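Here the structure is laid out as structure tokens; the discussion comes afterwards.
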Amino acid sequence: MAAARLLTRLRATLPVWSETLAAPLSADTVPRSSLLVPTRAYISQVGKTALDQSILQNLDSEIQYELERFPPRKPLVKYFSFAVDEKPGEQWMCLRSRFGDKENIKVEVTMFDGSPPAPKVTKDKLGEDVQLHITFIVSISKGIDGEKMEFLCSAWPDSIEIRNVAMHNKNKLPSQTYTGPLFKDLDDELQDAFYYFLEERGVTDDLAVFLHQTMKTKAKSEYILWMGDVKSYI
């Protein structure tokens, strides 16, 4: 929505600088020496300057609009037992924790990466409401021969979904590792046991809610940073 709003603003200003290009040059307004050489470079420079100004003005307006709605926040550093590593300018974050005396827990999280539409029924028609989706990987290691268990998961707005469980060993190439069956093909009781296994380690439906709230805020922050970078470059 924010990007679409910025694009609308830019399009609205196009007639302004395009009219500058279309305006005829007369002998009264152009030096005599300029009439003896092609004016294509001059016109190009005028158009470029006007377009740059249009982009800068719209970026300023959009940055101000977003800052008023989403003031800057301090980076997150903690979520329950997890230490949070979130760096500005990157589209991921990492959460780390320990379970017991031996297990190291690492949760690597992407920003929103799309989703299938969810059915939405109204009085008049059957519509579609898109559910935002986040992919994350839970890695659990015990420091034994570099072996670790990995859970490939989805975070929906209020729940987590396990998609795959795999074992990895540093002595094996990724291409040689058997990544296990589809999670949905496992016995129902075994599936439930794996969900409980993650819950014990803090990977719960509440974590999915936290990830969605955090990534919504991060997406806005990254958008503002991106506009600032574009403005500086231009």
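The values are calculated or read from the model by the stated rules, or taken from the named source; none is laboratory data. Note that the coordinates shown come from a computational prediction; the quantities given were computed from them, not determined experimentally. Reconstructed Cβ throughout: ideal geometry from the backbone, glycine too, with neighbour counts over all protein chains shown. Surface accessibility is based on the protein's heavy atoms, side chains included, excluding ligands, DNA and RNA. Shrake-Rupley method; radii C 1.70, N 1.55, O 1.52, S 1.80 Å.
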Self-check item: Every residue from the range 56-71 that is surrounded by 13 or more Cβ atoms within 10 Å (Cβ to Cβ) and not acidic (Asp, Glu)
Solution: LEU56, GLN57, ASN58, LEU59, SER61, ILE63, TYR65, PHE70
Exercise. Find the residue count for the range 54-108, including only residues that are touching a Ser or Thr at 6+ places or on another chain (Cβ under 6 Å) and at pLDDT below 90.
Key: 2
Quiz item: Within the set of pairs 6 or more residues apart or between chains, which connect a residue that is free of Cβ contacts under 8 Å to residues at least 12 places away in the same chain inside the range 153-166 to a residue that is of a type in the set (S, T, N, Q) and in a strand (DSSP E or B) with Cβ atoms less than 9 Å apart?
Solution: GLU161/SER154
Quiz prompt | Residue list for the range 200-222, filter: open to solvent by 20 Å² or more (accessible area, probe 1.4 Å) and modelled with pLDDT under 90 | solution = LYS216, THR217, ALA219, LYS220, SER221, GLU222
Quiz item: Among the residues of the range 173-190 satisfying the criterion of being open to solvent by less than 30 Å² (accessible area, probe 1.4 Å) and not β-branched (Val, Ile, Thr), which is modelled with the lowest pLDDT?
Solution: GLY180
